[in-house]
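Chemist: Input: one structure, supplied below.
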Amino acid sequence: MTEIQSDINGSIPPIYESRPPAWLPKVHSSADLGYLGFFPPRAGQEEDLLSEINVKSGFTLNQQVLAETFSAHTIINGDLSSETTFSKLEALMNEIFVRKADNIPSISSSTFRIPTRVTLNDSKRQSWFADLANPDVPLYKLGKSVPHGAKGHDLLDLLHSNNVAISRAVWFLRVFGANETVYKYHCIRMLSDS
(Lines give C-alpha, C1' and ligand atoms only; values in the text may rest on other atoms or scores of the structure.)
Protein backbone atom coordinates (compact mmCIF):
# COMPACT_ATOMS: atom_id res chain seq x y z
CA MET A 1 0.00 0.00 0.00
CA THR A 2 2.94 2.34 0.61
CA GLU A 3 4.11 1.91 -3.01
CA ILE A 4 0.72 3.03 -4.29
CA GLN A 5 0.73 6.04 -1.97
CA SER A 6 4.22 7.04 -3.06
CA ASP A 7 3.11 6.79 -6.69
CA ILE A 8 0.17 9.08 -5.97
CA ASN A 9 2.48 11.58 -4.30
CA GLY A 10 4.46 11.86 -7.56
CA SER A 11 7.62 9.97 -6.65
CA ILE A 12 8.94 7.28 -9.04
CA PRO A 13 8.55 3.68 -7.86
CA PRO A 14 11.68 1.47 -7.85
CA ILE A 15 12.50 -0.30 -11.11
CA TYR A 16 11.72 -4.01 -11.06
CA GLU A 17 14.81 -6.14 -11.33
CA SER A 18 14.32 -9.65 -12.72
CA ARG A 19 16.24 -12.27 -10.73
CA PRO A 20 16.75 -15.94 -11.59
CA PRO A 21 15.24 -18.61 -9.33
CA ALA A 22 17.56 -19.88 -6.58
CA TRP A 23 17.71 -23.40 -8.06
CA LEU A 24 18.95 -22.24 -11.51
CA PRO A 25 22.71 -22.96 -11.98
CA LYS A 26 25.17 -20.40 -13.27
CA VAL A 27 26.75 -20.90 -16.69
CA HIS A 28 30.24 -20.48 -15.21
CA SER A 29 31.40 -20.67 -11.60
CA SER A 30 33.70 -17.62 -11.62
CA ALA A 31 32.92 -15.56 -14.76
CA ASP A 32 29.73 -13.50 -14.91
CA LEU A 33 28.13 -15.24 -17.91
CA GLY A 34 24.61 -15.34 -16.51
CA TYR A 35 22.31 -18.29 -15.94
CA LEU A 36 21.16 -21.16 -18.13
CA GLY A 37 18.04 -20.19 -20.12
CA PHE A 38 17.60 -16.92 -18.20
CA PHE A 39 17.92 -13.69 -20.20
CA PRO A 40 16.76 -10.67 -18.17
CA PRO A 41 16.49 -7.26 -19.82
CA ARG A 42 19.55 -5.05 -19.43
CA ALA A 43 20.16 -1.43 -20.25
CA GLY A 44 21.61 -0.73 -23.71
CA GLN A 45 20.38 -3.87 -25.46
CA GLU A 46 19.77 -3.71 -29.21
CA GLU A 47 16.08 -4.56 -28.88
CA ASP A 48 15.55 -1.47 -26.75
CA LEU A 49 16.39 0.88 -29.67
CA LEU A 50 13.22 2.27 -31.20
CA SER A 51 14.33 2.67 -34.80
CA GLU A 52 11.84 2.95 -37.69
CA ILE A 53 12.67 -0.57 -38.92
CA ASN A 54 12.28 -2.10 -35.44
CA VAL A 55 8.94 -0.38 -34.95
CA LYS A 56 7.53 -1.31 -38.38
CA SER A 57 8.79 -4.88 -38.82
CA GLY A 58 9.93 -5.91 -35.37
CA PHE A 59 13.36 -6.58 -33.99
CA THR A 60 15.42 -9.34 -35.67
CA LEU A 61 18.92 -10.41 -34.77
CA ASN A 62 21.62 -10.29 -37.41
CA GLN A 63 22.83 -13.62 -38.72
CA GLN A 64 25.82 -14.82 -36.73
CA VAL A 65 26.84 -17.21 -39.49
CA LEU A 66 26.74 -15.77 -42.99
CA ALA A 67 25.79 -19.07 -44.63
CA GLU A 68 23.17 -19.94 -42.03
CA THR A 69 20.39 -20.33 -44.56
CA PHE A 70 22.52 -22.19 -47.10
CA SER A 71 21.29 -25.68 -47.90
CA ALA A 72 23.19 -28.42 -49.71
CA HIS A 73 19.97 -30.37 -50.26
CA THR A 74 19.87 -29.86 -54.03
CA ILE A 75 23.58 -30.64 -54.45
CA ILE A 76 23.33 -33.86 -52.42
CA ASN A 77 20.16 -35.00 -54.20
CA GLY A 78 21.79 -34.31 -57.55
CA ASP A 79 24.80 -36.42 -56.61
CA LEU A 80 22.67 -39.26 -55.23
CA SER A 81 20.46 -39.44 -58.30
CA SER A 82 23.34 -39.45 -60.81
CA GLU A 83 24.28 -42.66 -62.61
CA THR A 84 27.89 -42.67 -61.34
CA THR A 85 26.95 -42.70 -57.63
CA PHE A 86 27.13 -46.48 -57.22
CA SER A 87 30.41 -46.78 -59.10
CA LYS A 88 31.91 -44.01 -56.91
CA LEU A 89 30.70 -45.76 -53.76
CA GLU A 90 32.09 -49.06 -55.00
CA ALA A 91 35.47 -47.47 -55.73
CA LEU A 92 35.49 -45.85 -52.29
CA MET A 93 34.69 -49.13 -50.52
CA ASN A 94 37.33 -51.00 -52.54
CA GLU A 95 39.92 -48.40 -51.57
CA ILE A 96 38.90 -48.71 -47.92
CA PHE A 97 39.28 -52.50 -48.03
CA VAL A 98 42.69 -52.23 -49.74
CA ARG A 99 43.96 -49.75 -47.14
CA LYS A 100 42.58 -51.88 -44.32
CA ALA A 101 44.26 -54.99 -45.72
CA ASP A 102 47.57 -53.09 -46.05
CA ASN A 103 47.44 -51.94 -42.41
CA ILE A 104 46.59 -55.30 -40.86
CA PRO A 105 49.69 -56.88 -39.32
CA SER A 106 50.58 -60.23 -40.81
CA ILE A 107 49.85 -63.30 -38.71
CA SER A 108 52.56 -65.93 -38.72
CA SER A 109 51.59 -69.50 -39.39
CA SER A 110 50.90 -71.62 -36.36
CA THR A 111 53.62 -73.96 -35.15
CA PHE A 112 51.20 -76.05 -33.10
CA ARG A 113 50.99 -79.70 -34.01
CA ILE A 114 48.54 -82.15 -32.58
CA PRO A 115 50.41 -84.47 -30.19
CA THR A 116 50.84 -88.03 -31.39
CA ARG A 117 48.85 -90.89 -29.88
CA VAL A 118 50.83 -93.50 -28.03
CA THR A 119 49.85 -96.73 -26.37
CA LEU A 120 51.31 -96.97 -22.86
CA ASN A 121 51.31 -99.79 -20.35
CA ASP A 122 49.49 -99.23 -17.04
CA SER A 123 52.50 -98.00 -15.05
CA LYS A 124 53.60 -95.49 -17.75
CA ARG A 125 50.00 -94.31 -18.21
CA GLN A 126 49.65 -93.84 -14.46
CA SER A 127 52.92 -91.88 -14.43
CA TRP A 128 51.73 -89.71 -17.36
CA PHE A 129 48.45 -88.87 -15.60
CA ALA A 130 50.36 -88.11 -12.38
CA ASP A 131 52.45 -85.63 -14.39
CA LEU A 132 49.22 -84.18 -15.84
CA ALA A 133 47.88 -83.67 -12.31
CA ASN A 134 51.14 -81.96 -11.25
CA PRO A 135 50.89 -78.21 -12.06
CA ASP A 136 54.70 -77.92 -12.00
CA VAL A 137 55.02 -80.06 -15.14
CA PRO A 138 54.42 -77.82 -18.20
CA LEU A 139 51.86 -78.96 -20.75
CA TYR A 140 54.26 -78.63 -23.66
CA LYS A 141 56.29 -81.53 -22.21
CA LEU A 142 53.17 -83.64 -21.87
CA GLY A 143 52.00 -82.56 -25.31
CA LYS A 144 54.73 -84.44 -27.16
CA SER A 145 52.70 -87.64 -26.95
CA VAL A 146 49.29 -88.34 -25.46
CA PRO A 147 48.13 -91.78 -24.29
CA HIS A 148 44.95 -93.25 -25.67
CA GLY A 149 42.86 -96.25 -24.79
CA ALA A 150 40.43 -95.11 -22.12
CA LYS A 151 37.22 -93.53 -23.42
CA GLY A 152 33.97 -92.16 -22.08
CA HIS A 153 33.33 -92.43 -18.36
CA ASP A 154 36.51 -94.51 -17.87
CA LEU A 155 38.55 -91.55 -19.07
CA LEU A 156 36.70 -89.16 -16.76
CA ASP A 157 37.16 -91.57 -13.83
CA LEU A 158 40.88 -91.75 -14.64
CA LEU A 159 41.15 -87.93 -14.59
CA HIS A 160 39.14 -87.74 -11.35
CA SER A 161 41.09 -90.47 -9.57
CA ASN A 162 44.37 -88.67 -10.35
CA ASN A 163 42.99 -85.30 -9.11
CA VAL A 164 43.72 -83.51 -12.39
CA ALA A 165 42.85 -79.80 -12.29
CA ILE A 166 39.92 -78.80 -14.49
CA SER A 167 41.96 -76.57 -16.81
CA ARG A 168 44.53 -79.31 -17.42
CA ALA A 169 41.78 -81.94 -17.83
CA VAL A 170 40.07 -79.73 -20.44
CA TRP A 171 43.40 -79.38 -22.27
CA PHE A 172 43.82 -83.14 -22.28
CA LEU A 173 40.25 -83.76 -23.47
CA ARG A 174 40.69 -81.27 -26.32
CA VAL A 175 43.93 -82.91 -27.44
CA PHE A 176 42.39 -86.35 -27.02
CA GLY A 177 39.33 -85.33 -29.07
CA ALA A 178 41.51 -83.79 -31.80
CA ASN A 179 43.53 -87.02 -32.00
CA GLU A 180 40.35 -89.11 -32.24
CA THR A 181 39.01 -86.83 -35.00
CA VAL A 182 42.25 -87.09 -37.00
CA TYR A 183 42.31 -90.88 -36.52
CA LYS A 184 38.68 -91.26 -37.70
CA TYR A 185 39.37 -88.98 -40.69
CA HIS A 186 42.37 -91.10 -41.71
CA CYS A 187 40.33 -94.31 -41.33
CA ILE A 188 37.52 -92.99 -43.52
CA ARG A 189 40.02 -91.74 -46.09
CA MET A 190 41.78 -95.11 -46.20
CA LEU A 191 38.46 -96.90 -46.67
CA SER A 192 37.44 -94.57 -49.50
CA ASP A 193 40.79 -94.99 -51.26
CA SER A 194 40.60 -98.78 -51.28
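Chemist: Condition first: open to solvent by 80 Å² or more (accessible area, probe 1.4 Å), within 16 Å of VAL170 (Cα to Cα) and either assigned to a strand (DSSP E or B) or at pLDDT 85 or above (or both). Now tell me which residues in the range 127-155 satisfy that. Walk me through it before giving the result.
Modeler: At the first step, the residues of the range 127-155 found to be open to solvent by 80 Å² or more (accessible area, probe 1.4 Å) are 135-136, 140-141, 144, 151, 153-154.
Next, only the ones that are within 16 Å of VAL170 (Cα to Cα) stay: 135, 140, 151, 153-154.
Hit for the range 127-155 is PRO135, nothing else.
Chemist: Quick check on the range 181-194. Is at least one of its residues in a loop (DSSP other than H, G, I, E, B), surrounded by 12 or more Cβ atoms within 10 Å (Cβ to Cβ) and over 35 Å from the mean Cα position of the chain (by Cα)?
Modeler: Taking the range 181-194 as the starting set, the residues that turn out to be in a loop (DSSP other than H, G, I, E, B) are 194.
Okay, now just the ones that are also surrounded by 12 or more Cβ atoms within 10 Å (Cβ to Cβ), so none.
Checking the range 181-194: not a single residue is in a loop (DSSP other than H, G, I, E, B), surrounded by 12 or more Cβ atoms within 10 Å (Cβ to Cβ) and over 35 Å from the mean Cα position of the chain (by Cα).
Chemist: OK, next. Considering the range 157-180 alone, what residues qualify as being open to solvent by 100 Å² or more (accessible area, probe 1.4 Å), of a type outside the set (Val, Ile, Thr) and in a helix (DSSP H, G or I)? Even if it seems obvious, please write down each step before you answer.
Modeler: Of the residues in the range 157-180, the ones open to solvent by 100 Å² or more (accessible area, probe 1.4 Å) are 160, 163, 166, 174.
Next, from what is left, pick out any that are of a type outside the set (Val, Ile, Thr): 160, 163, 174.
Passing the criteria: HIS160, ARG174.
Chemist: If I filter the range 110-120 for residues that are open to solvent by 100 Å² or more (accessible area, probe 1.4 Å) and either of a type in the set (A, V, I, L, M) or part of a helix (DSSP H, G or I) (or both), do I get at least one hit? First the steps, then the outcome.
Modeler: Initially, the range 110-120 is screened for residues open to solvent by 100 Å² or more (accessible area, probe 1.4 Å), giving 111-113, 119.
With either of a type in the set (A, V, I, L, M) or part of a helix (DSSP H, G or I) (or both) added as a condition, the list becomes none.
For the range 110-120, residues open to solvent by 100 Å² or more (accessible area, probe 1.4 Å) and either of a type in the set (A, V, I, L, M) or part of a helix (DSSP H, G or I) (or both): absent.
Chemist: Return the pair list, or none, for Cβ contacts closer than 9 Å from residues in the range 67-87 that are among the charged types (D, E, K, R) to residues that are open to solvent by 60 Å² or more (accessible area, probe 1.4 Å), at least 6 apart or on different chains.
Modeler: ASP79/LYS88
Chemist: Looking only at the range 40-53, count how many residues are under 27 Å from PRO20 (Cβ atoms) and surrounded by 10 or more Cβ atoms within 10 Å (Cβ to Cβ).
Modeler: At the first step, the residues of the range 40-53 found to be under 27 Å from PRO20 (Cβ atoms) are 40-49.
In the following step, the residues that additionally are surrounded by 10 or more Cβ atoms within 10 Å (Cβ to Cβ) were identified as 40-41, 45-49.
So the count comes out to 7.
Chemist: Given the conditions (1) outside any helix (DSSP H, G or I); (2) open to solvent by 100 Å² or more (accessible area, probe 1.4 Å), and given that LYS124 satisfies all but one, which numbered condition is not satisfied?
Modeler: Evaluating LYS124 over (1) outside any helix (DSSP H, G or I); (2) open to solvent by 100 Å² or more (accessible area, probe 1.4 Å) leaves (1) as the failure.
Chemist: I need the full set of residues from the range 121-141 which are basic (Lys, Arg) and over 12 Å from LEU159 (Cα atoms), in order please.
Modeler: To start, the set of residues in the range 121-141 that are basic (Lys, Arg) comprises 124-125, 141.
LYS124, LYS141, listed by residue number.
Chemist: OK, next. Among the residues of the range 54-84, how many are closer than 28 Å to TYR16 by Cβ and among the hydrophobic types (A, V, I, L, M, F, W, C)? First the steps, then the outcome.
Modeler: To start, the set of residues in the range 54-84 that are closer than 28 Å to TYR16 by Cβ comprises 54-55, 58-61.
Filter once more, keeping what is among the hydrophobic types (A, V, I, L, M, F, W, C): 55, 59, 61.
Summing the residues that are closer than 28 Å to TYR16 by Cβ and among the hydrophobic types (A, V, I, L, M, F, W, C) in the range 54-84 gives 3.
Chemist: Just the residues that are in a loop (DSSP other than H, G, I, E, B) and basic (Lys, Arg), please, taken from the range 40-73. Explain how you work it out, then say what you get.
Modeler: Applying the first criterion (in a loop (DSSP other than H, G, I, E, B)) to the range 40-73 yields 40-45, 49-51, 58-72.
Within the range 40-73, ARG42 is the sole residue that qualifies.
The values are calculated or read from the model by the stated rules, or taken from the named source; none is laboratory data. Keep in mind that what you see is a predicted model, and the values were worked out from it rather than measured. Note that we place each Cβ from the backbone using ideal geometry, even for glycine, and neighbour counts take in every protein chain shown. Areas reflect the complete protein model, heavy atoms only, side chains present, ligands, DNA and RNA absent. Shrake-Rupley method; radii C 1.70, N 1.55, O 1.52, S 1.80 Å.
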